[in-house]
Structures are given as structure tokens and as C-alpha cells.
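Taking it in order: structure first as C-alpha cells, then the write-up.
The values are calculated or read from the model by the stated rules, or taken from the named source; none is laboratory data. Since we're looking at a predicted model, the values are computed, not measured. We place every Cβ from the backbone using ideal geometry, glycine too, and count neighbours over all the protein chains shown.
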Amino acid sequence: MAYTGSIKYRGEDRASWFSHKAEIAKPYYYSVYLADYDITAEISPTDRSAILRFTFPQNDSSYIIIDAFDMGSMVKIIPEERK
């Protein structure tokens, strides 16, 4: 979940209002505007994973919280490649 402001760990605290009128849903692409945080979230699937892109407003407190489940899931961050 992408958000701005203070750090929030509980999912209920991070929830954002959105409108189905402001979302795009296709088999190969999904986009939604998270109104409470002024963020556009986009996702495109690949064969074994997905590519996510978040467009944040300019500020000093933007975050992405990743809830990686156990049982074989993984998150790898490569800062030097901006991945």
C-alpha cells in the first residue's frame, strides 16, 4: 500500500477512499487514484510476478508498505537499478 503522511502499519489505518470512476481495470493493467493520499497506483502482471508503479505528490513523507506473505514469497529491492 502506498500512502503519504505518518507511518501506519495496520491495514485499516492505511485505507484510502477511491472511486470506480477513477480506476482502469483490464486483464493486463489496473490503475486507481487513492484520493486520501493523492497517489495513483498502477499494476501490470507478468508471468510470475507483477510490476507496480506509484505516482506520489511532491512531499517529504511518502511510503510503500509491503505485506509479503511467507510460504515462498519474496521482495527484492535494487536501489542502484531503481528496481
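If you go through the stretch 34-49 and keep only what is among the polar types (S, T, N, Q) and at pLDDT 85 or above, you end up with Thr40, Ser44, Thr46. Here is the figure for the stretch 44-60: residues that are outside any loop (DSSP other than H, G, I, E, B) and more than 15 Å from Lys83 (Cβ to Cβ) total 2. Condition check for Ala2 on (1) modelled with pLDDT under 75; (2) small (Gly, Ala, Ser); (3) surrounded by fewer than 13 Cβ atoms within 10 Å (Cβ to Cβ): one failure, at (3). Look at the stretch 36-51: where a residue is on the phi > 0 side of the Ramachandran plot and a partner is modelled with pLDDT under 85, sitting 6+ places away or on another chain with Cβ atoms under 8 Å, you get Asp38/Thr4. Scanning the stretch 19-33 for residues that are crowded, with 16+ Cβ neighbours inside 10 Å and at pLDDT below 90 yields a count of 0.
The sole residue among Ile43, Ile51, Ile64 that is surrounded by 10 or more Cβ atoms within 10 Å (Cβ to Cβ), among the hydrophobic types (A, V, I, L, M, F, W, C) and under 11 Å from Thr4 (Cα atoms) is Ile64. Against the list (1) over 19 Å from Lys83 (Cβ atoms); (2) without any contact (Cβ under 8 Å) to a residue 12 or more places away in the chain; (3) part of a strand (DSSP E or B), the condition Val32 fails is (2).
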